[in-house]
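K.L.:
Mind having a look at this structure? Questions to follow.
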Amino acid sequence: MRKKTVSTSAKTSTKYFTVPEKYEVQSDCPNCGKSAKEIQKALNEGKSNPEKDKKILDRLKGQGLFDGEIKTKF
């Protein structure tokens, strides 16, 4: 997220707010051959690879770093 400022002429204060970053794909990918529309769609939707996520979780569980449940002190 990047920060953006706005100031008004009626008031002397400056307000700060964050704006989500936008990506604009201008051309097709020469490496994988995907079209610019496919790449733009993936960036907008935030695609994830469920198989890769499962492998990562399995590896963390195997190392004892991730239990998979939230524990409280009470």
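The numbers here are math on the coordinates, done by the rules we state, and not lab data. Not measured: the values here are computed from a predicted model. With ideal geometry, Cβ positions are generated from the backbone for all residues, glycine too; neighbour counts draw on all protein chains shown.
K.L.:
Starting from the Cα-Cα distance between ASN49 and LYS34, subtract it from 0.36 nm times their residue separation and give me the gain in nm to one decimal. If you can, show how the numbers build up before the last one.
P.N.:
Numbers: separation 15, 0.36 × 15 = 5.40 nm, distance 1.67 nm.
Gain on stretching ASN49 to LYS34: 3.7 nm.
K.L.:
Let me ask something else about it. For PHE17, PHE66, what's the fewest-to-most ordering of other Cβ within 10 Å of each Cβ? It would help to have the intermediate numbers written out before the result.
P.N.:
On the way: PHE17 9, PHE66 13.
Ranking PHE17, PHE66 by Cβ neighbours within 10 Å, fewest first, gives PHE17, PHE66.
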